[in-house]
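Working notes, structure below.
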Amino acid sequence: MSRKPYLRKMPKSWWLARRSYTSYMARELSCVFIGAYSLLIVVGLHRLSQGRDEYGAFLDALQSPLSLVFHAAALVFALIHTVSWFSLAPKAMPLQIGEKKLSGGPVVLAHYAVWIVVSAGVLLVARI
Amino acid sequence: MTEQTLQVEILRYRPETDQDPAFQTYTVPYRDDWVVLDALNHIKDNIDRTLSYRWSCHMAVCGSCGMMINGEPKLSCHAFLRDYYPNKVRVEPLANFPIERDLVAVTDDFMEKLESVKPYVIPQQERAVDEGPHLQTPAQLNAFKQYTMCINCLLCYAACPQYGLTPDFVGPAALALAHRYNLDTRDAGREQRQEIAASNEGVWDCTFVGECSQACPKSVDPAAAIQQTKIASTIDWYKALLNPWGKR
Amino acid sequence: MDVIETDVVIVGAGGAGLRAAIAVAEADPSLNVALTSKVYPMRSHTVAAEGGAAAVIKDNDSLENHFNDTVTGGDWLCDQDAVELFINEAPKELTRMEHWGCPWSREPSGHVAVRPFGGMKVERTWYAADKTGFHMLHTLFQTSLKYPSIKRFDEYYATDLLVEDGRCQGIAAIELRSGQMRVFAAKAVIIATGGAGRIFPFTTNGGVNTGDGAVMAYRAGVPLKDMEFVQYHPTGLPGTGILITEGARGEGGVLINNEGYRYLQDYGLGPPDPWPRKKAMELGPRDRLSQAFWHEERAGKTVATPHGQAVHLDLRHLGEKKINERLPMVRELALSYMGVDPVFKPIPVRPVVHYMMGGIHTDIDAATPLAGLFAAGECACVSINGANRLGSNSLTEILVFGGRAGRGAVEHVRSGGKDVDRTAIEEQAGEAQKRVAALFQKADGTETVVGLRKEMNHIMETGAGIYRSKESLEEACKTIGELRRRYADVRLEDKSNVFNTDLVQVLELGSMLDAAHVLAHSALNREESRGSHQRLDKTERDDETYLKHTLAHYTGEGDPRLEYLDVKITKSPPGERVYGGAAS
Amino acid sequence: MAKSNKPIVWSLFAGGGMLSAFVTPVLIFVTGLAVPLGLMSLDSLSYDRMLVLAQNPVGKIVLFAVIFLPLWHAAHRLLTTLHDVGLPKGRIAMTACYGAAALGSIAAAVVLLRI
Ligand SMILES: Cc1cc2nc3c(=O)[nH]c(=O)nc-3n(C[C@H](O)[C@H](O)[C@H](O)COP(=O)(O)OP(=O)(O)OC[C@H]3O[C@@H](n4cnc5c(N)ncnc54)[C@H](O)[C@@H]3O)c2cc1C
Ligand code: SF4
Ligand code: F3S
Ligand code: FES
């Protein structure tokens, strides 16, 4: 047989090859921060359950530079997650009124609107 | 005035003589209404008869001329030289498929997958010709119309890293076509298609990279089809859980 | 050599080939079908058809109307028994397509919608937006996947029919990926290889439309019928030849010359208003419209473009909404390939070679004179298209006669009974293989594929184009004859096996030269003007002598031997073709 | 092909993704930046307030949801991402990711029940 199909292997660094892949990878990496943050809340609650002093120490630790850097990074990735999640939302929810398929724009906007309300709500509650 | 020219770098691979693919550069005249396919045809006609690639319609509808052009999956009959000039154009066979020769990719895998999702109407009940056509309103048609536009060009497979990483993944176009029939009012075959579509190698291998939809020249939006299938399959699963005696 | 044994082998997996395969599978699931094609089925050129497929379904229409439009359109060269059968089966075939999932465009009520097409008295063209062929082809292809008895051999290039004992018993084909020749041994063979537009320089046809199948049959002794009739489509994009569907005019588009004047009214197609109106002006038949362009060009009333003269197809008055809804592909094509947005500017268009009315001689059952050989689709000539095909009849034709070919083949396998003579056909395939091998062994041919193809393209356009004359056709016959001789010295530059497209092009050129040869000789011998065959030296139709089909027989190196066969007239005696005001 | 059990994790992934898209940024902002940096008063996260929240049954449920769903979301996404960067999709990776999420969820539940 003269055939000899050539198989190309995907390099491990494939996600650096195209910008769109890299931003996909950034989106995916948001999970590390989101997961870590969830665990951090568990730790905080644990400290809370231990008593006032222990919880105070936890709050102090949040002020450490390391914690601040982590949270700053986490916020950036959480925002990447939010933006990418919203932009893909219309794909999951096709809307059609009569013959016309609606474009995804309104769905995305609705998500942002809810997001702003939720965030403002949390901020308000936190300030009271 | 000297003629304007453009350099085209083509990944060549001749299985009978080459160990590995390698780039070869050709210089072609530049015309602002030429597409990359015109440049390839020029090379084949005037410079190198041994260059192999597929094409037929030259009007972006037969789906045979998909290639990587400067790293992006594109139809070479719909990629205009004017968008690259005066820079070089780099042409490679579709990513994620084995190379048969030069720009010709081996796409058997897709054909098998397409077949596996049963892309045809499976009616509840056979309808006789005498009964005439079904009624289907424009609204019902529009619900699936977009997914009928697939020309099987496989740009989406070349764009999808999950297909590259997991060759068993059924992949965007086949899943979009399964979805197309599921949404068709004439069809009752969803359950049969779900065997493949809702399996591990079906929609679950998709991590929603979304590049398939970006690459698609016909706005099929396979990412949306897959996403919707995931949701519907999840609902099925919970339904079956709540009603274990129901029809499986 | 590998031998693939099967019951029916089909060459070509476009609309006609796929329909035939399904017909065999439905008629008798126990018969094996080998469906071979030089490209993947969905790449076949049926995919490019835009406008639609004709069949009577609406109450305001009648079978009689369809019959008359077809026969008049064909300038009475159609066989009327075939037309009758065709129009009767047409609605059934399109309904079947609907059942198989074809996404036909719909009326608000949910009924299938129809649109007007050139040369029609009543609108009857079923359409799927402006991608009808695409949707039909994919529907057929996907439906074909349902039948286990259909086995596909994608990217196999058929080179020869294997004929022994007066029966067609198989084909020889090259598997492109390995370069190996294979024998398909079968009790029946169906050819469905499509058109041959590529013999002309400027065509709507894809790169694969090189007439291979028709020439394969011709070389095996089956006559080619009416090859002189070549349809020009009046609206192709200059340069690429990309088609702007007749649907654009059906929706109300108009053709104007460089003075902004709707010139068709000067060619017996007027008056221009009211518009749109069936069978008039821009909805006149294709041959008339293309011929009008020729005269406008001579009169200096066309528009110059970088790719030659053109007229303007104006859609602006339809508005953006209607254009997007009904003609999305037209807008997209004009925008990308001409840089013209039809919402704001008229599209430059010119006539372009589109369709071959002629082809392999078959009867109304799609059977050829050679036992066991059937043909259907554009490569065949039944004839329902006569001297000029009515727009949107051929998509229906590939279904009707594709289906008949399939059922005919089943019938033949069941009743023919005789076994395939393996030794004989393997020997013949060996000969075929030797011919291909010779191309590889020849040290240095003096002729190039590209050079010969260019010369052929050029002489076909100048010698056998929209208007022809004795002189131009003699020139064409002479030149093509020479090119055929020079073809013996053609050089194969790529001597490798795997996916050798140089080899494919060499073989395709051989087919095209033979098809062009038949075309030119048939045209030279038909000393009249009828439908698409217009002679400047014989401007009248001559029913006395030429109400006949041309049958061209292969003679090897010499010129084709021409015979004539009476046209079957059942109920519509030859009359005058009237369009425009007089038609309504 | 086997019927997939992916819908369980996927629904958790999707639910968690949705929830974190809406609330995670603002929570990180408040607890990790605004309060520690003094942009908001320390009282926002005071022991007493938090205790009230964590002892209230509805508060417990809210807190659990805010931990549990994003955690599973993260675990599932991490698993696919590990595969993306070249780790084989095997039992080990799967056990590690989902195991971590399960342990985290159990810990959260235990802590919340104990408060
Ligand atoms: C741009 C365009 C628009 C059109 N629009 C309309 C329309 O609106 N309405 C209408 O009725 N008609 C239309 N037509 C005409 C109609 O589309 C064609 O006549 C019809 O589709 C032909 O179908 P077919 O099956 O005969 O051939 P094709 O679809 O061309 O298929 C030919 C098949 O044969 C195979 N083949 C060829 N040679 C070989 C070989 N040597 N070995 C193996 N396989 C081979 C090919 O691979 C292919 O599969 C249009 C045509 C064009 C070009
Ligand atoms: S979905 Fe789009 S990109 Fe994928 S094969 Fe179909 S047309 Fe091509
Ligand atoms: S790119 Fe691939 S991962 Fe999914 S969304 Fe598209 S199939
Ligand atoms: S040649 Fe047909 S899609 Fe490009």
*Can you tell which of C:GLY195, C:LEU237, C:ILE171 lies farthest toward the positive end of the dipole of the range C:164-243, using +1 and -1 charges on the Cβ of basic and acidic side chains (Lys, Arg; Asp, Glu)?*
C:ILE171
*Compute the acute angle (0 to 90°) between the alpha-carbon long axis of helix C:470-487 and the principal axis of greatest extent of the alpha-carbon atoms of chain C; round to the nearest 10°.*
30 degrees
*Simple Cβ-charge dipole of chain B, Lys/Arg +1 and Asp/Glu -1, about Cα centre, in debye nearest 20*: 560 debye
*Where does each of C:MET338, B:MET149, C:MET136 land when they are ranked from fewest to most other beta-carbon atoms within 10 angstrom?*
B:MET149, C:MET338, C:MET136
_Packing-based exposure ordering (other Cβ within 10 Å, fewest first) of D:THR95, B:THR148_ = D:THR95, B:THR148
*Among B:GLN227, B:ALA128, B:LEU114, whose Cα sits farthest toward the positive end of the charge dipole of the range B:108-242 (+1 at Cβ of Lys/Arg, -1 at Cβ of Asp/Glu, about the Cα centre)?*
B:GLN227
*asked:* Can you tell me the orientation of helix C:422-441 relative to chain C, as the angle in degrees between its alpha-carbon axis and the longest Cα principal axis, to the nearest 10?
replied: 70 degrees
*Shape of the protein assembly as shown from its Cα gyration tensor (a ≥ b ≥ c, root eigenvalues): rounded if a/c is under 1.5, otherwise prolate when a/b > b/c, or oblate?*
prolate
*How high is the relative contact order of chain A, in percent, counting Cα pairs under 8 Å that sit 6 or more residues apart?*
20 percent
*For chain A, which DSSP H helices look membrane-span-like by this rule: Cα extent along the axis of 24 Å or more and mean Kyte-Doolittle of at least 1.0?*
A:65-92, A:105-127
*Sort B:ILE231, C:ILE244, B:ILE47, B:ILE69 so the one with the fewest other Cβ atoms within 10 Å of its own Cβ comes first.*
B:ILE47, B:ILE231, B:ILE69, C:ILE244
*With +1 on each Lys and Arg Cβ and -1 on each Asp and Glu Cβ, and nothing else charged, work out how big the dipole of chain C is about its Cα centre, in Debye to the nearest 20.*
1040 debye
*Give the percent of DSSP beta bridges with both residues in chain C that are antiparallel, rounded to the nearest 5.*
65 percent
*Built amide H within the under 5 Å cut-off of C:ILE360, gap 5+*: C:LYS225, C:ALA380, C:CYS381
*Charge context of C:TYR355, other residues only, Cβ under 9 angstrom, K/R +1, D/E -1*: +1
*Report, in order of residue number, the helices in chain D meeting two criteria: a C-alpha extent of 27 Å or more along the helix axis, and a mean Kyte-Doolittle hydropathy of at least 0.5; treat each whole DSSP H run as one helix.*
D:6-27, D:57-84, D:91-114
*Dipole size in debye (nearest 20) for the protein assembly as shown around its Cα centre, Lys and Arg Cβ +1, Asp and Glu Cβ -1?*
3460 debye
*Over the protein assembly as shown, what is the percentage of antiparallel beta bridges among all DSSP beta bridges, to the nearest 5?*
70 percent
*May I ask you to evaluate 6.51 cos²θ - 1.76 cosθ + 1.60, the Karplus curve with θ = phi - 60°, for each residue of the range C:164-180 and list the ³J(HN,Hα) values in order in whole Hz, giving x for glycine and proline?*
9, 6, x, 10, 7, 10, x, 9, 10, 9, 9, 6, 5, 5, 10, x, 8
*Which whole-number percent gives the relative contact order of chain C, counting Cα pairs below 8 Å spaced six or more residues apart?*
22 percent
*asked:* List the pairs from A:LYS100/C:LYS322; A:LYS101/C:LYS146; B:LYS44/C:LYS434; C:LYS454/C:LYS478; A:LYS4/B:LYS74; C:LYS38/C:LYS454 whose alpha-carbon separation is above 19 Å, in the order I gave them.
replied: A:LYS101/C:LYS146; B:LYS44/C:LYS434; A:LYS4/B:LYS74; C:LYS38/C:LYS454
_Crossing angle, helix C:501-525 versus chain C [Cα axis fit, 0-90 degrees, rounded to tens]_ = 60 degrees
*Specify which residue in the list A:GLY56, A:LEU39, A:ALA74 is farthest towards the positive end of the charge dipole of the range A:14-77, using unit charges on the beta carbon of Lys, Arg (+1) and Asp, Glu (-1), about the Cα centre.*
A:ALA74
*In the range C:27-70, which trypsin sites (Lys or Arg not before Pro) are in a loop and have at most 16 other Cβ atoms within 10 Å, using DSSP for the loop call?*
C:LYS58
*Normalised by the number of residues in the range B:108-242, what is the relative contact order in percent for Cα pairs under 8 Å and 6+ residues apart?*
31 percent
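Bear in mind these aren't lab numbers, they're just calculated from the coordinates by the rules spelled out. Please read all numbers here as calculations on a predicted model, not as lab measurements. Please note: Cβ atoms are built from the backbone with ideal geometry, for glycine as well, and neighbour counts cover all protein chains shown.
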